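What follows is one structure encoded as structure tokens, with my remarks underneath.
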Amino acid sequence: MDSTDRPGPGPGSLLRRHLGEWRLALVAWRLLVLQTSHPAVAAGTAEHSTYRAHPWRRVQHTMESGQRLVFSDRDSLRREVARLNRAHKRITGTDEHGRAYSAQDPATRAWVLITLYESAVAMRELSGDPLTPEESEQLYAEFAPILAAFELPPEVLPGSAAEVPGYVDAVVREQLEFGPQVRYLLFDMLREAPRPRRLRFLGPAWPLLRSVIASVLTSLTLADLPPAYRERFGLARTRRAALLSRVLHRGAGRLSTRLPDRWRYRVHAVPGRPAPSSDQVRIPAPRHPDRSGWLRRDARRPKLGQFFSQVLDQTGDGFIDAHDLRSMAHNVCWQLELTEGGEAEVYAAFDAWWEQIRETMDSDGDGRISKAEFVAATIAGCDRDPDYLERGLHGAVRAVFRAADTDGSGFLDADEYRTVFGSRVHPAELSHGFRQLDRDGDGRLTEEEFVHGFTEFFTARSGLAAGSQLLGRP
């Protein structure tokens with residue numbers, strides 16, 4: 001039977017069991033290092049990713065996509081591959097050495113996919129309980145339908161599980177590079193990473209905890225990388241790192257077999273699974289500002305500054321440029337299953353918005369806009385021209401609405417609304433913002449209500465206006 005006709009891995013398959021375990025997180029950074037060491041992946045990451053400012057989003061996207069590929073039925077798998085194809089079509093260019101790269105290059109895609117399979121094998125080996133040759137072949141056979149869905153030519157893939165170690169060794173020795181993106185990922189990213197939204201309760205303790213996590217994860221990853229990788233790039237595996245790896249992997253392996261399944265395995269991400277509904281999210285108690293002062297103060301500057309930092313500045317460098325706007329379009333499309341035409345509409349709308357921003361705000365012609373420039377120019381534009389937002393922002397907002405309206409109903413419900421902003425704003429705050437815009441309380445927004453909310457956010461001087469609370473309580 002051809003691999004394209006094989007059923008995907010079932011609920012009890014080795015592949016789902018291994019890639020569904022929480023302890024896979026111990027080799028997640030190892031996986032990212034191996035993938036990013038491929039020069040085409042490194043170049044695409046440097047030019048098209050916002051991972052430096054939003055490392056957790058990069059990890060989240062990688063893990064969610066892997067889950068969609070593995071924990072899907074055949075139709076969902078095809079949709080996920082189609083989504084990846086659309087997203088990767090735009091990741092092309094020339095790297096710093098003048099070499100052309102493309103995320104759709106078959107050999108590059110083969111490496112990224114095989115490292116996902118290889119991570120499950122490494123997890124077992126590092127835990128002291130390696131797969132038997134028969135289990136390895138079974139695991140690879142269960143992975144075959146996923147490989148087949150990408151329609152890669154057979155010559156770029158190992159033919160069997162027995163050939164995977166030789167394939168990995170050859171790619172490591174002949175193709176991988178230990179460039180700036182890999183060094184940053186391995187040694188610096190976690191030491192600079194912002195506090196994850198879910199851990200905001202840590203407050204000032206985060207920098208210390210971040211330093212500890214970075215030290216442990218760097219040592220663990222260096223110990224766990226393939227010997228050929230460490231040998232080629234002169235990376236030492238210290239005794240302390242080897243001991244850390246042994247304790248963590250073997251301890252996690254023994255613990256996992258004693259845990260009930262609900263604790264041993266992650267919640268499987270299913271394509272199209274909605275985010276928690278508004279009644280499942282705990283809403284923080286409302287704050288009560290000094291109403292008299294709040295009503296007198298022009299709230300536009302802090303709101304627009306908030307929008308700049310939380311939504312527009314995708315790279316976190318304090319400026320916005322064409323890359324930031326296209327990254328916004330990418331993140332909208334990433335969350336959804338759009339047609340190629342639907343994605344093109346979103347990108348075109350954000351490109352048009354950027355052109356308006358550039359023409360009206362880039363006074364020094366350097367191709368980027370600071371927060372101060374954005375806030376001042378937006379307020380001035382809205383004050384002097386009633387159609388200012390219609391020529392830029394509104395086009396992007398309408399494109400986002402149509403993209404997020406996944407069922408074509410002409411309305412956005414609370415879950416679709418939260419999808420628009422992804423992980424940039426806390427779900428509880430977004431639930432609050434949705435309820436403020438939902439003036440008739442019917443649990444849904446029309447396109448005009450959605451656009452009107454953005455208009456109020458940008459133009460209302462009072463922080464108590466419904467649209468002012470688009471991103472939550474001011």
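Couple of notes before you dig in:
- Rounded to two decimals, the Cα-based Rg/Rh of segment 327-469, with Kirkwood Rh, is 0.96.
- Taking the DSSP beta bridges with both ends in the chain, the antiparallel portion is around 100 percent.
- Computed from the C-alpha gyration tensor, the three semi-axes of the ellipsoid equivalent to segment 376-422 are 27, 11, 7 Å, from longest to shortest.
- Ranking 327, 218, 409 by Cα position along the charge dipole of the chain, where only Lys, Arg, Asp and Glu carry charges on their C-beta atoms, puts 218 farthest toward the positive end.
- In the set (i) -0.49, -0.83, -1.17; (ii) -0.30, -0.54, -1.00; (iii) -0.39, -0.64, -0.97, the label that goes with log10 I(q)/I(0) by the Debye sum over Cα atoms at q = 0.06, 0.08, 0.11 Å⁻¹ computed for this structure is (ii).
- Helix 427-437 axis, angle to the chain major axis (alpha carbon atoms, nearest 10°): 30
- The peptide list 324-337, 359-372, put in order of mean Cβ contacts within 10 Å with the highest first, becomes 324-337, 359-372.
- Rounded to 10°, Cα long-axis angle of helix 371-384 versus longest principal axis of the chain: 40
- Three-way shape label, segment 90-151, alpha-carbon gyration tensor, a/c 1.5: oblate
- Globularity index of segment 209-251, i.e. its alpha-carbon radius of gyration over 2.2 N^0.38 Å: 1.16
- Segments 374-385, 344-355 sorted - mean Cβ within 10 Å per residue, highest first: 344-355, 374-385
- Considering only 180, 204, 252, and ranking their Cα positions along the charge dipole of segment 166-261 that arises from unit charges at the beta-carbon of Lys, Arg, Asp and Glu, the one farthest toward the positive end is 204.
- Over the chain: helical MRE at 222 nm, DSSP H runs n ≥ 4 each giving -39500 (n - 2.57), nearest 500: -17500 deg cm²/dmol
- Residue 397 accessible area, assembled protein chains, probe 1.4 Å, Å²: 10
- Surface composition of the chain: carbon plus sulfur atoms hold 53% of the accessible area, using a 1.4 angstrom probe and ignoring ligands, DNA and RNA.
- Each peptide among 233-245, 122-134 gets the average number of other Cβ atoms lying within 10 Å of its residues, and from highest to lowest they stand as 122-134, 233-245.
- Solvent-accessible surface of segment 131-222, averaged per residue with a 1.4 angstrom probe and all protein chains in place: 51 square angstrom.
- Helix axis angle, 322-334 relative to the chain longest principal axis, alpha carbon, degrees: 70
- Here residue 38 sits with roughly 10 square angstrom of accessible surface, probe radius 1.4 Å.
- Shape of segment 72-113, Cα gyration tensor, a/c cut at 1.5: prolate
- The charge dipole of the chain, taken about its Cα centre with unit charges on the Cβ atoms of Lys, Arg (+1), Asp and Glu (-1) only, comes to about 2460 debye.
- Equivalent ellipsoid dimensions for segment 137-224 as semi-axes, Å, which come from the Cα gyration tensor, largest first: 36, 17, 12
The values are calculated or read from the model by the stated rules, or taken from the named source; none is laboratory data. Remember, it's a predicted structure, so these values are computed and weren't measured experimentally. Cβ sites come from the backbone with ideal geometry, for glycine too, and all protein chains shown count toward neighbours. Just the protein is used for accessible areas: all its heavy atoms, side chains included, with ligands, DNA and RNA removed. Shrake-Rupley method; radii C 1.70, N 1.55, O 1.52, S 1.80 Å.
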